[in-house]
Amino acid sequence: MNLLIKSAKIIDRQSPFHLKTQDVLIENGKISEISNIIKNINNIKEIELENLHISVGWFDTSVSFGEPGFEERETVANGLSVAAKSGFTAVATNPNTYPVIDNKSAVEFLINKAKGNIVNLYPIANLTQQAKGEEIAELFDMSNSGAIAFSDYNKSISNANLMKIALLYAQNFDGLVMSFPQNNSLSNNGVANEGAISTKLGLKGIPALAEELQIARDLFLLEYTGGKLHIPTISTEKSVKLIAEAKKKGLNVTCSVSAHHLFLNDSELNEFDTNYKVKPPLREKTDVNALKKGIVNGTIDMITSDHNPIDIENKRVEFENAKNGTIGMESFFGAINKVLPLEKTIDSITNLPRMRFNIENPTITKGEMANITLFNPDTEYVFDEENIFSTSKNSAFMGKQLKGKVYGIFANNKFVIN
């Protein structure tokens, strides 16, 4: 496909055109020219939009689509459509499906479902068989079939020896092990952050210590075994400090934070709205501020939507009985762009996560295949149901003032514009 993008400010630290406003010509899916002014001599499709910015296509490292097993929440096809409209050219899908993604056939099923799409899908496979936390799954076979990492998504591994074995074994094929940061004996079926808010509301609390103790354990194991560890969706101030200290030691560890943990805090729970019931729970304002600083100073490597569609039957119930999760792709850019510097935002959803998950890392340079997100970072709006593309509507951002509009994406020689 051919496309001429006019007067776009390029946000891409890897490109020689970073922070420059240029015309970008794409021919047969490849960037053929970048210049101050490109004349449209062949009368190809031209895009010129208000305050147009472009970056390398965004990569979301934690999305849940439901399929197989929970198609009423989100199918792969609709999930990838939501991703495209939300600015993502690649997503990593969680294995919280039924059946779970604990063998090569399940990995190949997801890859085949997404074949030919404008958005690339990269499966995260289960770390343990049937996600039970008892025996290691077929990691090597699943890696060969296309799994980019291994995690039991939102289920922590209580058995320290099993985590040790996983870290050792995955080194044989440079595998990335993920460990959800929650100590089950301390979280003890809690539903909200343990603090003044949960006490006032009579909600059973999950202490910050539950996350921090698990992270400390996993970092000790990593120091002992070597290997590669990724800790998803951290949520506390102390967690940021623990990971900063581990990085100073030279440990091969990265971490992510969700958009809702950067934007919201536990004061949202006052109305018992189950859309705010997420895992990890929303924390205090001091934690939110520490997470933002962690992104800015580089301790936190990437931001994710942690998009998790939940059907209405599992949300329109009492807070204690509701399932954890919020959709997040549609609101993602508007939320993080509201609270973080633009360049840091783009880094955390482009080159940094791609490098960690060992997938192709494009740049906006002549001769490269075009993998681009188009957006306006200054558009302000109130997020409401009209902005939701997902099958499920469980958004924690309803009624929130957000900043930043996605225009569309170009990837895999295809173009989608909103």
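The values are calculated or read from the model by the stated rules, or taken from the named source; none is laboratory data. Model, not experiment: these values are computed from the prediction. Cβ sites come from the backbone with ideal geometry, for glycine too, and all protein chains shown count toward neighbours. Side chains are part of the model used for accessible areas, which takes the heavy atoms of the whole protein and leaves out ligands, DNA and RNA. Shrake-Rupley method; radii C 1.70, N 1.55, O 1.52, S 1.80 Å.
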Expressed as a percent, the accessible surface of the range 351-418 that is carbon or sulfur, using a 1.4 Å probe and the full set of protein chains, is 48 percent
Rounded to the nearest 10 degrees, the helix 76-85 long axis (Cα) sits at an angle to the longest Cα principal axis of the chain of 60 degrees
Among 59, 151, 163, the residue whose Cα sits farthest towards the positive end of the charge dipole of the range 49-166 (+1 at Cβ of Lys and Arg, -1 at Cβ of Asp and Glu, taken about the Cα centre) is 59
If amide H atoms are modeled at 1.01 Å from N in the peptide plane, then the residues at a separation of 5 or more from residue 176, or on another chain, having amide H under 5 Å from its own are 150
Residue by residue through the range 144-155, the couplings from Karplus 6.51 cos²θ - 1.76 cosθ + 1.60 with θ = phi - 60°, in Hz, x for Gly and Pro, are 5, 8, x, 5, 9, 6, 9, 7, 9, 5, 6, 10
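At 222 nm, what helix-only mean residue ellipticity would the chain give, in deg cm²/dmol to the nearest 500, using -39500 (n - 2.57) for each DSSP H run of four or more? Show your work: numbers first, answer last.
Working: 13 runs with 119 residues, N = 418.
Value at 222 nm, helices only: -8000 deg cm²/dmol.
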If one compares the long axis through the Cα atoms of helix 104-114 with the longest principal axis of the Cα atoms of the chain, the angle in degrees, nearest 10, works out at 40 degrees
Ordering 225-237, 84-96, 377-389 by per-residue average of other C-beta atoms within 10 angstrom, highest first, gives 84-96, 225-237, 377-389
Check: C-alpha center the range 1-26 vs C-alpha center the range 340-386, spacing in Å is 13 Å
Computed over the range 248-312, protein heavy atoms only, probe 1.4 angstrom, the accessible area per residue in square angstrom equals 34 Å²
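Per residue, how much accessible area does the range 78-174 show when a 1.4 Å probe rolls over the protein heavy atoms, in square angstrom? Could the numbers behind the result be given before it?
On the way: 3830 Å² over 97 residues.
Normalised by residue count, the accessible surface of the range 78-174 is 39 Å².
Taking the range 58-152, which GluC sites (Glu not before Pro) meet the DSSP loop condition and have no more than 13 other C-beta atoms within 10 Å? Spell out each step's value before the answer.
On the way: sites: 71, 72, 74, 108, 134, 135, 138; in loops: 71, 72, 74, 134, 135, 138.
Sparse-neighbourhood loop GluC sites (Glu not before Pro): 134, 135.
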Over 23 Å (Cα to Cα) among 115/277; 9/85; 85/228; 20/366 -> 115/277; 85/228
Computed for the range 82-228: size of charge dipole around the Cα centre, +1 on C-beta of each Lys and Arg, -1 on C-beta of each Asp and Glu, debye to nearest 20, value 460 debye
The long-range amide H neighbours of residue 378, using H built 1.01 Å from N in the peptide plane and a cut-off of under 5 Å, are 405
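Accessible area of the range 118-229 with a 1.4 Å probe: how many percent of it is carbon plus sulfur?
Details: 2200 of 4560 Å².
The computed percentage sits at 48.
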The aspartates and glutamates whose Cα lies under 16 Å from the Cα of residue 293, excluding any fewer than 8 residues away in the same chain, are 237, 245, 284, 301, 343, 347
